[in-house]
Amino acid sequence: MGPDATLIWAGSLFAIAIAIGTAFRFFSGRGRRDKTSECIDLSKLKVGKNGVLVTEFGKKTTLVQFSTQYCGQCPGVRRSLSQLEYRHGALLYIDVDITNRLDLAAHFSISQTPTVFILDGLGEIKFRIGGVPKYAIIRAELEKLGAL
Amino acid sequence: MTELKRIDPRGPRFGAAITSVFAIIAFGFSLDTWVYAWLIMWVLFALFALSVFGKNITHPYSYLFQKFVRPRLSAPAELEDSRPPHFAQQVGLSFAVFGVISGFFWPLGVTIAAAFIFLAAFLNAFFGLCLGCQMYLGLRRIGLLRQ
């Protein structure tokens, strides 16, 4: 193969990389409405917060984040959602480490982290977001639930 | 659990940028004079292996970053857990091993490995997207990875 063809191939690979990156930027973190209308069972989730087992949902809404230890972007999402919880009283935020709890990942069909579920006051899954959530989308969903 | 190492998140991305340059050059050569591509693949293999196994050895990337890049940047907004980038290096190493081995009898394998390493490193460096970390849960769930 001559140098021209080589450049064309390398250029195409470069273009593919940029296309994937741009598509990812655009689509990731938008989320979708959850149609299963499943209620989360906190006694099965067994998640602690500040050393205490969580047994009640937030008054208006609960944000459930699923993380793993190998997830580079989870700590950032954890910080921003904690901030949100700090500002709004009717909102509970919990973070579930599923590195060793693949049963949970299978049950909720989670294939990437972070994944964030937005629950209503009764613990029903209303919305799910894979990837780093876009802030405006979280806000809009929380407003619908009357949590902001 | 051992003490967590926290690192400047821009370090791994700087390294990924260099890796992506190596990888796309290797990809280009692999279509032409592929022996050069194979040589670059050995270099990438050595670099990945060093960051996966060389616990107390200063990696050339981190030397460059600390010596020339870090002093020109402002303080990091936040430090990051070192496990996700470390996992990403392991994924990179497995691609480099594939490329190095297939170079003995199947030159196309070198092209494939170079393409994947380029994609992963480029997306990590310029879009902040860590493919290996994204796939971690999926790989665990279909049983390709263990703890």
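Quick note: the coordinates plus some simple rules give every number you see, no bench work behind them. Just so it is clear, the structure is predicted and the values come from calculations on it, not from any experiment. When we count neighbours, we look across all protein chains shown, and the Cβ atoms used for this are built from the backbone with ideal geometry, even at glycine.
Whole-Hz Karplus ³J(HN,Hα) for the range A:74-80, in order, using 6.51 cos²θ - 1.76 cosθ + 1.60 and θ = phi - 60°, x for Gly and Pro?
4, x, x, 5, 4, 5, 6
Starting from the amide H of A:Val96, placed 1.01 Å from N in the peptide plane, find each other amide H under 5 Å away whose residue is 5 or more places distant or on another chain.
Placed amide hydrogens put A:Gln65, A:Phe66, A:Ser67 under 5 Å from A:Val96.
Please report, ordered by residue number, every helix of chain B (full DSSP H runs) that is 27 Å or longer along its axis going by C-alpha atoms and whose mean Kyte-Doolittle hydropathy reaches 0.5. Mind showing how you got there, number by number?
Details: long enough: B:10-30 (30 Å, 1.05); B:34-53 (28 Å, 2.16); B:83-102 (29 Å, 0.63); B:107-127 (30 Å, 2.06).
The qualifying helices are B:10-30, B:34-53, B:83-102, B:107-127.
Grab the other residues whose beta carbon is less than 11 angstrom from that of A:Asp103, score K and R as +1, D and E as -1, and report the net. Intermediate values should be presented prior to the final figure.
Details: positive: A:Lys44, A:Arg101, B:Arg141; negative: none.
After counting each charged neighbour, the total is +3.
Using each residue's phi in the range A:100-105, evaluate 6.51 cos²θ - 1.76 cosθ + 1.60 at θ = phi - 60° and report the 3J(HN,Hα) Karplus result to the nearest Hz, with x for Gly and Pro.
10, 10, 5, 4, 5, 4
For A:Thr61, enumerate residues with amide H under 5 Å from its amide H, sequence gap 5+ or separate chain, H modeled in the peptide plane.
The answer is A:Leu92.
By its C-alpha gyration tensor, with a ≥ b ≥ c as the square roots of the eigenvalues, how is the range B:18-147 shaped: rounded for a/c under 1.5, else prolate for a/b larger than b/c, else oblate? Before the final figure, lay out each step's value.
Working: a/c = 1.85, a/b = 1.28, b/c = 1.44.
Oblate, since a/c reaches 1.5 and b/c is not below a/b.
Exactly which trypsin sites (Lys or Arg not before Pro) in the range B:93-147 are in a DSSP loop and have at most 11 other Cβ atoms within 10 Å? If you can, show how the numbers build up before the last one.
Details: sites: B:Arg140, B:Arg141, B:Arg146; in loops: B:Arg146.
In loop regions of the range B:93-147 (DSSP not H, G, I, E or B), the sparsely surrounded trypsin sites (Lys or Arg not before Pro) are B:Arg146.
Could you list which residues have their amide H under 5 Å from that of A:Cys71, counting only those 5 or more apart in sequence or on another chain, with H placed in the peptide plane?
none
Rounded to the nearest Å, what's the spacing between the alpha carbon centres of the range A:3-44 and the range A:77-100? Just the number, please.
If we compute the Cα centre of each part, the gap is 24 Å.
Over 20 Å between C-alpha atoms is what I'm after, so list which of A:Lys49/A:Lys134; A:Lys49/B:Lys5; A:Lys35/A:Lys144; A:Lys60/A:Lys144 land there. If you can, show how the numbers build up before the last one.
Numbers: A:Lys49/A:Lys134 24 Å; A:Lys49/B:Lys5 23 Å; A:Lys35/A:Lys144 16 Å; A:Lys60/A:Lys144 10 Å.
Violating the 20 Å Cα-Cα cut-off are A:Lys49/A:Lys134; A:Lys49/B:Lys5.
By residue number, which cysteines of chain A lack any other Cys whose Cβ falls under 4.7 Å from their Cβ?
Singleton cysteines: A:Cys39.
Give the aspartates and glutamates reachable from A:Lys126 as a straight Cα distance under 20 Å; neighbours fewer than 8 places away on the same chain don't count.
A:Lys126 reaches A:Asp34, A:Glu38, A:Asp41, A:Glu56, A:Glu85, A:Asp95, A:Glu141, A:Glu143.
For the protein assembly as shown, with only Lys/Arg (+1) and Asp/Glu (-1) charged at the beta-carbon, what is the dipole magnitude about the Cα centre, in debye rounded to 20?
520 debye
The range B:1-106: which trypsin sites (Lys or Arg not before Pro) are DSSP loop and have at most 16 other beta-carbon atoms within 10 angstrom?
On the way: sites: B:Lys5, B:Arg6, B:Arg10, B:Arg13, B:Lys55, B:Lys67, B:Arg72; in loops: B:Lys5, B:Lys55.
Sparse-neighbourhood loop trypsin sites (Lys or Arg not before Pro): B:Lys5, B:Lys55.
Report, to the nearest 10°, how far helix A:135-144 tilts away from the longest principal axis of the Cα atoms in chain A, using its own Cα long axis and a range of 0 to 90°.
Roughly 30 degrees between the two axes.
Using the Cα centre of the protein assembly as shown as origin and beta-carbon charges of +1 (Lys, Arg) and -1 (Asp, Glu), tell me which of B:Ser94, B:Ala26, A:Leu45 is placed farthest towards the positive end of the dipole.
So the residue furthest toward the plus end is A:Leu45.
Cα centroid distance between the range A:109-148 and the range B:1-53, in Å?
With the range A:109-148 and the range B:1-53 each reduced to a Cα centre, they are spaced 36 Å.
In whole Hz, with x marking every Gly and Pro, tabulate ³J(HN,Hα) for the range B:69-80 from phi via Karplus 6.51 cos²θ - 1.76 cosθ + 1.60, θ = phi - 60°.
9, 3, x, 8, 9, 6, 4, x, 5, 7, 8, 10
Among B:Leu108, B:Leu79, B:Leu137, which one moves the most in a GNM of chain B with springs linking Cα atoms closer than 10 Å?
B:Leu137
Highest GNM mean-square fluctuation, chain A, Cα pairs closer than 10 Å: which of A:Gly121, A:Gly72, A:Gly51?
Looking only at A:Gly121, A:Gly72, A:Gly51, the biggest GNM fluctuation is shown by A:Gly51.
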